[in-house]
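Quick notes on the structure that follows.
The values are calculated or read from the model by the stated rules, or taken from the named source; none is laboratory data. Just so it is clear, the model here is predicted, and its values are computed rather than measured. Cβ placement follows ideal geometry from the backbone for every residue including glycine, while neighbour counts extend to all protein chains displayed. To get the accessible areas, we keep the full protein, side chains included, count just its heavy atoms, and leave off ligands, DNA and RNA. Shrake-Rupley method; radii C 1.70, N 1.55, O 1.52, S 1.80 Å.
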Amino acid sequence: MSDSAKRRVVVLGSTGSIGTSTLEVAARLPGQIEIVALAANGSVARLAEQVRATGVRDVAICDASKEAELRALLPEGTRIHSGPEGLLEVATLAGADIVLVAIVGTAGLHPALAAIEAGKDLAVASKEILVMAGEVVTSAARRRGVRILPVDSEHNAIFQCLDGRGNADEVARLILTASGGPFRMWSAERLERVTPEEALCHPTWQMGPKVTIDSATLFNKGLEMIEARWLFDIGMDRIDVVVHPQSIVHSMVEFVDGSVLAQLSRPDMAFPIQYALTWPRRCRGGLLPLDFAAMGALEFEAPCHDVFPALGLARRAGNAGGTMPAVFNAANEVAVDAFRAGGIPFPGIWRCVRAVMDLHDVRPSSSLDAVVGADAWARSAAEAWVANHRIG
Ligand code: MG
């Protein structure tokens, strides 16, 4: 990659929250970022609007049954790539430099690996990819000599604080900040009665529904602990979490000399998206800096592990290694869906994940087949647990 060149970006998951912010960032930096392809699951009208706004010639629609509907809305000459194959085609598009993966859940895994094999840098917003297949993805990236740039705000903050230092001997700890979610001070008893509507209201971040629920359970932070383990090649014992309700400090690195570096900004995903896509440069994108005098106090506190067991389960999954993180992630996805559908209570999410982890025989995670197999096993085990614990 040359420093002067514009980055040519493929956006997988363009109609979601991160994808939408990415297109806004790119529109403010036309000299630095060019969007060359878009992909979405099935939001046809939104996707067609984005194709017209960005002028891309290549677009993928994962739900192949919507191809004709999409074609009717697109300018003549737009190439439509449909189905899961279509996602792989745009992920490996000739001339693209970087593929931003912002597909909810694990559906981004195959396109991410295809992009790496095609020599593209990866900007990762879908943390599930690294949680499930961190070993496969990071070893493929090393082999192909491509970069994995973190879009998740916490990991982007750590990436900024490390500033290219690969020397793990100088790093004492990575400290991830967590907002604590909407139920930070709530009792275990009150959590039994949390509704999906309550869990979908996040105090500081505007995000998609899956990650918003994960923020309320703290599973999001648990997934991020494992994501950090792979992105920064560091042991789980050196990854900690501190609750910071204002979401201004996005994470910190403690060095062996006792100094701590932190990255701060307003809680807006445009900051980490822009840094990932313009790295190693910093560009004027019109984002407002902090006003410290107007900001008031920044608070920090220890997470409440008794009431929110997700962090402990994540540490257990990360320490067990192998296929256990894939199981942790897949069981959580099933449990979140069941909670959103009214099938299980809010604490049922961690009960389900714990029960599925208890049943799992850990295998090595060096092959894609092993992690995909563990993911499928965990989904059916979680569905069985949900069926046995359904409300009413
Ligand atoms: Mg995050």
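Annotation note: of R193, R165, R184, the sole residue that is out of contact with any Lys or Arg (no Cβ under 7 Å at 6 or more places or on another chain), closer than 19 Å to A338 by Cα and among the basic types (K, R) is R193. Do we have any residue at all in the range 191-198 that's surrounded by 13 or more Cβ atoms within 10 Å (Cβ to Cβ), out of contact with any Cys (no Cβ under 6 Å at 6 or more places or on another chain), modelled with pLDDT of 95 or more and closer than 20 Å to A302 by Cβ? The answer is yes, given that some residue of the range 191-198 is surrounded by 13 or more Cβ atoms within 10 Å (Cβ to Cβ), out of contact with any Cys (no Cβ under 6 Å at 6 or more places or on another chain), modelled with pLDDT of 95 or more and closer than 20 Å to A302 by Cβ.
Of everything in the range 93-113 that's part of a loop (DSSP other than H, G, I, E, B) and aliphatic (A, V, I, L, M), which residue is modelled with the lowest pLDDT? Can you show your working first?
First, the residues of the range 93-113 that are part of a loop (DSSP other than H, G, I, E, B): 93-97, 102-104.
Subsequent filtering for residues that are aliphatic (A, V, I, L, M) retains 93-94, 96, 102-104.
Details: L93: 98, A94: 97, A96: 98, A102: 96, I103: 92, V104: 80.
Per the criteria, the residue is V104.
When the range 210-236 is filtered for residues that are of a type in the set (A, V, I, L, M), part of a helix (DSSP H, G or I), at pLDDT 95 or above and within 14 Å of the ligand (Cβ to nearest atom), the ones remaining, listed by number, are I213, A216, L223, M225, I226, A228, L231.
Can you tell me which of F328, F339 is buried (at least 16 other Cβ atoms within 10 Å of the Cβ), more than 19 Å from the chain's Cα centre (by Cα), within 22 Å of G105 (Cβ to Cβ) and not hydroxyl-bearing (S, T, Y)? Give the derivation first.
Details: F328 fails: more than 19 Å from the chain's Cα centre (by Cα).
Just a single option satisfies the conditions, and that option is F339.
Among V56, V101, which is within 22 Å of the chain's Cα centre (by Cα) and within 17 Å of L23 (Cβ to Cβ)? Step through it out loud before you land on a result.
Values: V56 fails: within 22 Å of the chain's Cα centre (by Cα).
When all the criteria are applied, what remains is V101.
In this structure, L264 qualifies as open to solvent by 60 Å² or more (accessible area, probe 1.4 Å), of a type outside the set (D, E, K, R) and without any contact (Cβ under 8 Å) to a residue 60 or more places away in the chain. Checking the range 124-134 against the condition returns no match, with no residue being surrounded by fewer than 24 Cβ atoms within 10 Å (Cβ to Cβ), under 21 Å from R363 (Cβ atoms) and touching a strand residue (DSSP E or B) at 6+ places or on another chain (Cβ under 9 Å). Of the set (1) within 17 Å of the chain's Cα centre (by Cα); (2) within 15 Å of the ligand (Cβ to nearest atom); (3) aliphatic (A, V, I, L, M); (4) surrounded by 19 or more Cβ atoms within 10 Å (Cβ to Cβ), all apply to M207 but (4). Pairs meeting the criteria (first residue in the range 154-171 and more than 14 Å from P280 (Cβ to Cβ), second residue surrounded by 24 or more Cβ atoms within 10 Å (Cβ to Cβ) and charged (D, E, K, R), beta carbons under 8 Å, at least 6 apart or on different chains) are E154/E224; H155/E224; H155/E227. Cβ separations smaller than 7 Å between residues 6+ apart or across chains give no pair from the range 197-223 residues that are over 19 Å from F328 (Cβ atoms) and free of Cβ contacts under 8 Å to residues at least 12 places away in the same chain to residues that are within 13 Å of the ligand (Cβ to nearest atom) and among the polar types (S, T, N, Q). Please verify whether A91 is surrounded by 22 or more Cβ atoms within 10 Å (Cβ to Cβ) and among the small types (G, A, S), treating the condition exactly as stated. For A91, the condition - surrounded by 22 or more Cβ atoms within 10 Å (Cβ to Cβ) and among the small types (G, A, S) - is met. You will find that of D369, D358, the residue that is among the charged types (D, E, K, R), in a helix (DSSP H, G or I) and farther than 29 Å from H110 by Cβ is D358 and no other.
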